[in-house]
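Undergrad: I have a structure here, written as C-alpha cells, and I will follow up with some questions on it.
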Amino acid sequence: MAKSKFEYVRNFETDDTCLRNCYIVVRLDGRNFHRFSEQHNFTKPNDNRALGLMSRSARSVMEDMEDVVIAYGQSDEFSFVFKRNSTLFRRRASKLMTHVTSQFSSSYVFYWREFFGEQPLLYPPSFDGRVVLYPTNHNLRDYLSWRQADCHFNNLYNTVFWTLVQTGGLSTAQAEDRLKGTVAADKNEILFSEFNINYNNESALHKKGTTLIWTKQNETVTKCIKVSNEEEEKEVSVIRSRRRVQAHYCDIIGEQFWDEHPDILEDDAH
C-alpha cells in the first residue's frame, strides 16, 4: 500500500523497548477483587476454586508465551518472569503487558465453569498490569521473595481474622480491632491457644502461594509404522519428552528450590 499523508502520526508513538539483558517481570493484580470475591461468594479466608482458576489462567499465559521461565501467584495477583534474552514483541513493554493481561483475563472467564461449575459469572473480572525490569539474579530473587513474604503475611492475618469471625463469633470490626498492633507471634498464639490451630499445619498453597515452572516429562505414545516389505502397519510405543508447566507450593526464598531447578536463572556473567 502506498504511503498515506496521515502516516506521520506514527511518530507520536513512544519507544517503550525494555532494556536488554534484564529479566522482564509482568505483574497482574485483580482490580476491585474485594468486591468481586464478595459478589461471587468466595470462601474465606481462602477459596481453592478461585486459587485454582488463577493458576489455570497463569498456565494458559505460559503455554502461549514460552519465554516466561517462572510465574508466581498468590491471592488475586500473578507475576510472570520473561527470560533475559527474550525478543518477544521486540521487548516492547506495552505489547508484553497487554498480551499477558488479555490472555490471563480471557482465560479466567473461559475456565470459570471448570472451577465454579454452575455458579454464574456475574460480570467480567478485570486485571491491571505493570512491567518491571530486574538486571541480576539477586534482584529477581529478592522480588519473588518479597511477593512470597507478602503471601505469608496476608494469609496469616486473614487466617486469624476469619477464625475470630467464623469460629470466635466476633464481628469483622471486632476482629480487626483485636488484631491491631499484633505481630506474627501474637497471631500464631491466638490461633493455637484459643482455637487449637497450628498455623504450620495450614495448606502450603495458602502459605506459600503457587510457583509455576517448565519441566520436562516423558510420555509414551503409540505410532503406526509400516514394516519393511509388508503392507500391514505395526503399532509401536515411542517415548518422547515434552515441556509442561508444573505447579509447586514451596519456599522460594531459600536456596533449595533454586538448587533443584538451576535452569530457571541465567548466569549473571552473561
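The values are calculated or read from the model by the stated rules, or taken from the named source; none is laboratory data. These numbers were taken from a predicted model, which means no experiment stands behind them. Counting neighbours? That spans all protein chains shown, and the Cβs are built from the backbone with ideal geometry, glycine included. Accessible surface is based on the protein model in full, side chains and every heavy atom, while ligands, DNA and RNA are left aside. Shrake-Rupley method; radii C 1.70, N 1.55, O 1.52, S 1.80 Å.
Undergrad: Every residue in the range 120-135 that is of a type outside the set (A, V, I, L, M) and either touching a residue at least 24 places away in the same chain (Cβ under 8 Å) or open to solvent by less than 60 Å² (accessible area, probe 1.4 Å) (or both), please.
TA: Initial filter on the range 120-135 (of a type outside the set (A, V, I, L, M)): 120, 123-130, 134-135.
Selection gives TYR123, PRO125, SER126, PHE127, ASP128, GLY129, ARG130, TYR134, PRO135.
Undergrad: Hey, among ALA185, ALA149, which residue is touching a residue at least 12 places away in the same chain (Cβ under 8 Å), exposed (fewer than 13 other Cβ atoms within 10 Å of the Cβ) and in a helix (DSSP H, G or I)?
TA: Of the residues listed, the single one that is touching a residue at least 12 places away in the same chain (Cβ under 8 Å), exposed (fewer than 13 other Cβ atoms within 10 Å of the Cβ) and in a helix (DSSP H, G or I) is ALA149.
Undergrad: Hey, another quick one. How many of the residues making up the range 1-55 are more than 24 Å from TRP146 (Cα to Cα), outside any loop (DSSP other than H, G, I, E, B), at pLDDT 95 or above and open to solvent by 60 Å² or more (accessible area, probe 1.4 Å)?
TA: 5
Undergrad: Got a number for residues in the range 56-66 being surrounded by fewer than 17 Cβ atoms within 10 Å (Cβ to Cβ) and farther than 26 Å from GLN119 by Cβ?
TA: Qualifying residue count for the region: 2.
Undergrad: Go through the range 188-220 and count every residue that is surrounded by 12 or more Cβ atoms within 10 Å (Cβ to Cβ) and of a type in the set (S, T, N, Q). Show your work before the answer.
TA: So the first thing to find is which residues in the range 188-220 are surrounded by 12 or more Cβ atoms within 10 Å (Cβ to Cβ), and the list is 188-192, 194-195, 197, 199, 202-215.
From what's left, of a type in the set (S, T, N, Q): 188, 203, 210-211, 215.
Residues flagged as surrounded by 12 or more Cβ atoms within 10 Å (Cβ to Cβ) and of a type in the set (S, T, N, Q) within the range 188-220 amount to 5.
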